[in-house]
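Input: a single structure, listed below in C-alpha cells.
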Amino acid sequence: NSMLAGWTPGHLYVVGARPAIGKTKFGTNVALDAARRGWKVVFFSMEMPRDELIIQMLSNIGGVDGGRIVQRDLTSHDKASMSRAAEEYRRLGIVVDPRPGLTLAQMRAKVRQVRARHEKVIVVWDYLTLARGRDRKAERRVQVDEIAQDAKEMAKTLDVPVIALAQLNRASEHGPASMPDLKDLRESGGIEAAADVVILMHREKNEQLGDPRQLMCYIGKNRFGPTAALDLYFDGRLSRITDWPTLERQAR
C-alpha cells in the first residue's frame, strides 16, 4: 500500500515469477484482502481448477494446513475452523471463473456483467499468458503483446484494476540465484510496455540456498510512484503472504 497506494481502477498490474514460486497464492491473497475491503472480486483461474483454488483460500482464511485439507486429515478444531472459513468465503462473494483458454472478449463480457451490479470491481487473472489471442495463427509473441494491450484496455474501459499474474522465462532459472529482471517476462516485451506496475517475485525453494519463507517482491516498474524491493513472509502451508511475524523477524 505504501508503494502503490492501493489498487487503482484503470491500471494494469503484472506480477511475474518463475514456476512454483507462489504466483497463485499471491493472487488469492490479493483477492481475499480486496474482498474484505469491499471490492467485488472476479478471479479468472486458467490453470488451477476451481476446487484447488478455493481450498487455498479456505486454508488461508481458516489457518488450516492445506495439505491436511487435501488429505482429509482434519482434527475437530480444524473442522470448526474450516466451517467458519467457508462461511466467510461465502460472505466475501468472490466470483471464480475457472474456464481455461478464455479470450479477452469473454473476460471483458464477464467483468462488464459484474461491473453493472457493483461499483467497486477488481480483477485477478491467473495467468496472463494462458489467454488466447484474436489471431491464433499469429506468432506467440505477437499474441501475447496483443493480450497485454487488451488487458490494459479492459482495465481502462471498465474502470477496474486488473492484477495479472505472468510466467517468467525458465531460462532465467539456470543462472545464479537472484531476483528476476523485467527482461525475464515470458514471450513478450509488450507486457512490460502495457503494464502500469510490474512486480517480480523471487523465493529460494532450496533451503541450502536460502530461506524458502522469504518472498522478495521487486517493484521493477511503477508508472506513478517509486520502485522498491519488499521482503515478505511466505507460509505455503496456509497459502499466506504477509509481513514477517515479530518472532520470526527477531530470529533472523
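How much length is gained on full extension from SER2 to GLU87, taking 0.36 nm per residue of separation minus their Cα-Cα distance? Present the calculation step by step, with values, prior to reporting the outcome.
Numbers: separation 85, 0.36 × 85 = 30.60 nm, distance 3.10 nm.
Residue separation times 0.36 nm, minus the Cα-Cα distance, leaves 27.5 nm.
Calculate, for ASP159 and GLU204, the FRET efficiency according to 1/(1 + (r/R0)^6) with r their C-beta to C-beta distance and R0 45 Å; round to the nearest 0.05. Calculated transfer efficiency: 0.70. Inter-label distance, ASP33 to THR242: 1.3 nm, where each label sits 7 Å from its Cα along the C-beta direction. For the range 1-143, the spread of Cα coordinates along the three principal axes comes to 54, 32, 31 Å, biggest extent given first.
Computed over every Cα-Cα pair of the chain and binned at 5 Å starting from 0, the pair-distance distribution P(r) comes out as 1, 6, 13, 17, 19, 17, 13, 8, 4, 1, 0 percent.
How about the range 49-157: which GluC sites (Glu not before Pro) there lie in a loop by DSSP and see at most 10 other Cβ atoms within 10 Å?
Numbers: sites: GLU52, GLU87, GLU88, GLU119, GLU139, GLU146, GLU153; in loops: GLU119, GLU139.
Listed in order of number, the matching sites are GLU119.
In the chain, which helices (entire DSSP H runs) extend 15 Å or more along their own long axis, judged by Cα positions, while averaging at least 0.0 on the Kyte-Doolittle scale?
Values: long enough: 23-36 (20 Å, -0.35); 50-62 (18 Å, 0.25); 76-92 (24 Å, -1.39); 104-115 (16 Å, -0.56); 140-158 (26 Å, -0.76).
Within the chain the helices that satisfy the rule are 50-62.
The fraction of accessible area contributed by carbon and sulfur in the range 1-63 is 48 percent, rounded to a whole number (1.4 Å probe; ligands and nucleic acids excluded). Over 24 Å between Cα atoms, which of LYS25/LYS156; LYS152/LYS183; LYS25/LYS221 qualify? Flagged as over cut-off: LYS25/LYS156. Rolling a 1.4 angstrom probe over the protein heavy atoms with all chains in place gives the range 1-121 an accessible area of 48 Å² per residue. By the gyration tensor of its Cα atoms, with a ≥ b ≥ c the square roots of the eigenvalues, what is the shape of the range 76-154: rounded for a/c under 1.5, prolate for a/b over b/c, or oblate? Judged from the Cα gyration tensor, the range 76-154 comes out prolate (a/c at least 1.5, a/b above b/c).
Shown here for the range 39-143: trypsin sites (Lys or Arg not before Pro) in loop regions (DSSP other than H, G, I, E, B) with at most 12 other Cβ atoms within 10 Å, namely ARG72, ARG117, ARG134, ARG136, LYS137.
Treat the range 47-109 as a sphere of radius equal to its Kirkwood radius over Cα pairs and apply Stokes-Einstein at 10 °C in a medium of 1.306 mPa s; give the translational diffusion coefficient in µm²/s, rounded to a whole number. Translational diffusion coefficient: 122 µm²/s.
Nearest-5 percent of antiparallel DSSP beta bridges in the chain? Numbers along the way, then the final one.
Details: 16 of 39 bridges.
Percentage antiparallel, nearest 5: 40.
Between VAL70, VAL114, VAL95, the Gaussian network model of the chain with springs among Cα atoms under 10 angstrom shows the greatest mean-square fluctuation at VAL70.
Considering only protein heavy atoms, with the full assembly of protein chains and a 1.4 angstrom probe, order ASP159, ASP235, ASP196 by accessible area, largest first. Write down the numbers at each step before the final one.
Numbers: ASP159 75, ASP235 25, ASP196 5 Å².
Result, largest first: ASP159, ASP235, ASP196.
The values are calculated or read from the model by the stated rules, or taken from the named source; none is laboratory data. As the structure is a computational prediction, the values presented were derived from the model and not from experiment. All Cβ positions, even for glycine, are placed from backbone atoms using ideal geometry, and neighbour counts span all protein chains on display. Just so you know, the surface numbers come from the protein's heavy atoms only, side chains and all, with ligands and any DNA or RNA stripped out. Shrake-Rupley method; radii C 1.70, N 1.55, O 1.52, S 1.80 Å.
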